[in-house]
1. List every residue pair whose Cβ atoms lie under 9 Å apart, where the two residues are 6 or more positions apart in sequence or sit on different chains, the first residue falls within the range 138-159 and is under 12 Å from I174 (Cα atoms), and the second residue, located anywhere, is among the polar types (S, T, N, Q) and within 16 Å of the ligand (Cβ to nearest atom).
2. Just checking, which of V186, V228 is assigned by TED's automatic domain parsing to the domain that holds A141, in a strand (DSSP E or B), under 20 Å from the mean Cα position of the chain (by Cα) and touching a residue at least 60 places away in the same chain (Cβ under 8 Å)?
3. Which of the residues spanning the range 39-58 are in a helix (DSSP H, G or I) and either open to solvent by 60 Å² or more (accessible area, probe 1.4 Å) or over 22 Å from W21 (Cα atoms) (or both)?
4. Can you confirm whether the range 72-93 contains a residue that is hydrophobic (A, V, I, L, M, F, W, C), farther than 30 Å from P335 by Cα and within 16 Å of the ligand (Cβ to nearest atom)?
5. Does R29 satisfy being open to solvent by 60 Å² or more (accessible area, probe 1.4 Å) and within 30 Å of G407 (Cα to Cα)?
6. Across the range 370-404, what is the total count of residues that are assigned to a helix (DSSP H, G or I) and open to solvent by 40 Å² or more (accessible area, probe 1.4 Å)?
7. Mind counting the residues in the range 261-317 that are of a type in the set (F, W, Y) and touching a His at 6+ places or on another chain (Cβ under 9 Å)?
8. Does the range 188-206 hold any residues that are within 11 Å of the ligand (Cβ to nearest atom) and surrounded by fewer than 23 Cβ atoms within 10 Å (Cβ to Cβ), and which are they?
Amino acid sequence: MSDREGFREPLAEAVRSAERWLDGVRDGRIPPEADVEQVKDALGRALPDRGPAPVEVIRRMSAAIEPGLMRIHSPRFHGWVMGGAQPVALAADWLTSAWDQNNGLRSVTPGVAGAEELAAEWLLDLLGLPDTAEVGFVTGATVANVVGLTCGRDELLRRAGWDPGDGLAGSPRIRVLAGAERHGSVDSAAHLAGLGRARVIVADTQGRMLPNALREALADGDGPALVVLQAGNIHSGAFDPFPELIRIARDAGAWVHVDGAFGLWAAAAPGLRALTDGIDGADSWATDAHKTLSVPYDCGIAAVADPAALHGAMAQHAAYLASSADVADPSDRVPELSRRARGLTTYATLAQLGRLGVADLVQQLADAAAVIADGIRGIPGAEVLNQVVYTQVCASFGNDDRTRAVGAALLADGAALASPSTWQGRAVLRFSVSNWLTDTEEAGRTVAAVRRAVDAVG
Ligand SMILES: *Cc1c(COP(=O)(O)O)cnc(C)c1O
């Protein structure tokens, strides 16, 4: 490139900086060394009258920020439910920025719209969802939950003879029913959709919604109902019993939404698929590509069985948005109009892994979780509290104080990281396996780090 515009140097500096960071992916210490205030000091707090050349900004920025980076991409990072980025996905993400397509209208940006449409078809196939459903690429499962609940809200209002365009004031009240161990984003989505607090349905010891409790709650009250189920509990990894719950919800005329941020991917692995049996009978689903599939942040996925319901809730209408009348545009499926072509990372990852590669990836994560669970069970005084059916392991190391102390010792050791939490009234250390690099060997290294932490606590 002739580079009159000056792209080459800052990009080359960014590549050098990225390589330095990525070199530490397997063995670098996991927790950040610097806190927010130290990073701001290092960056320099004052807005300059004029700054240095782009390459110099990138160099200084990298140097100041790197000490404050959490090594989320480490194969032994098991905090919260976070993924690492695969090489093909990271490269696709860089191209997404370089191409800088505003993927709202397919006729304007056919290149990236085409790749996203293929990725959407492949996702429906891999996740065992109806091939007539449509997919929107959003920032994460939180927004995918908002999409599902908003579509459900509008459809339920229409069925009750109310035009959603008239707003919620004076409309039939929609009841939201969700499990006791739903993710917090479900409450947030219900709030954003104007639906208020969810009625909480009792769950069993693994956090699975109890069918009888749902049946009773639906019978106790009337009006349209929106039932939110879960594929993959963040503590236990458990999946709701979909066939029975969906039958009960259907009998009551409810809209069924499934939060499957990381759990929906079980459908892609033959050995785990049974966990998601019956899930295709729901109306809408939320999942993430930036967790299990290990694409860079951010990429969430909203799928809705009835395309008309999706377009009705999401599409923007304006004369200047000249779309092809018969085919939906990307912006008809998400809350945004302008957005990056974030589905490209999913396209590239699925194109590389293929059907078998995705199956292997999901199975690998579950196998690694089983190794972590077995290893912890072998540590005197340690206990695994959940049935490990998928990628989540909740451990206790005696009483709550000792469990917290082991968590702190593990953080100080720096070779592995798990997040402290409270589950069913007890302090736990939660290990989530959702990174493409975590295999049974790395899981063994995690167990060794936990043993060191337990020894350190004494
Ligand atoms: C992570 C997660 C979410 C929220 O997803 P984001 O991508 O963080 O918006 C919702 N539900 C479950 C079960 C999750 O694990």
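The values are calculated or read from the model by the stated rules, or taken from the named source; none is laboratory data. In this text, all values refer to a predicted model and were calculated from it rather than measured experimentally. All Cβ positions, glycine included, derive from the backbone under ideal geometry; neighbour counts span all protein chains shown. Quick note on the areas: whole protein, heavy atoms, side chains included, nothing else; ligands and nucleic acids left out. Shrake-Rupley method; radii C 1.70, N 1.55, O 1.52, S 1.80 Å.
1. Correct list of pairs: L149/S284; G152/S284.
2. Numbers: V186 fails: in a strand (DSSP E or B).
Answer to the selection: V228.
3. As a first pass, look at the range 39-58 and keep what is in a helix (DSSP H, G or I): 39-43, 54-58.
Across the range 39-58, the qualifying residues are K40, D41, A42, L43, P54, V57.
4. Just the residues of the range 72-93 that are hydrophobic (A, V, I, L, M, F, W, C), to begin with: 72, 77, 80-82, 85, 88-92.
Keeping just the survivors that are farther than 30 Å from P335 by Cα gives 77.
Checking which are within 16 Å of the ligand (Cβ to nearest atom) leaves us with 77.
Yes: one or more hits.
5. Details: open to solvent by 60 Å² or more (accessible area, probe 1.4 Å): yes; within 30 Å of G407 (Cα to Cα): yes.
Taking the combined requirement at face value, the residue satisfies it.
6. Pass one, the range 370-404, residues assigned to a helix (DSSP H, G or I): 370-377, 400-404.
Cutting the leftovers down to open to solvent by 40 Å² or more (accessible area, probe 1.4 Å) gives us 370-371, 374, 377, 400-402, 404.
The total comes to 8.
7. Taking the range 261-317 and keeping what is of a type in the set (F, W, Y), we get 262, 265, 285, 297.
Of the ones still in play, those that are also touching a His at 6+ places or on another chain (Cβ under 9 Å) are 285, 297.
Total satisfying the criteria: 2.
8. Within the range 188-206, the subset within 11 Å of the ligand (Cβ to nearest atom) is 188-189.
Residue satisfying the conditions is S188 alone.
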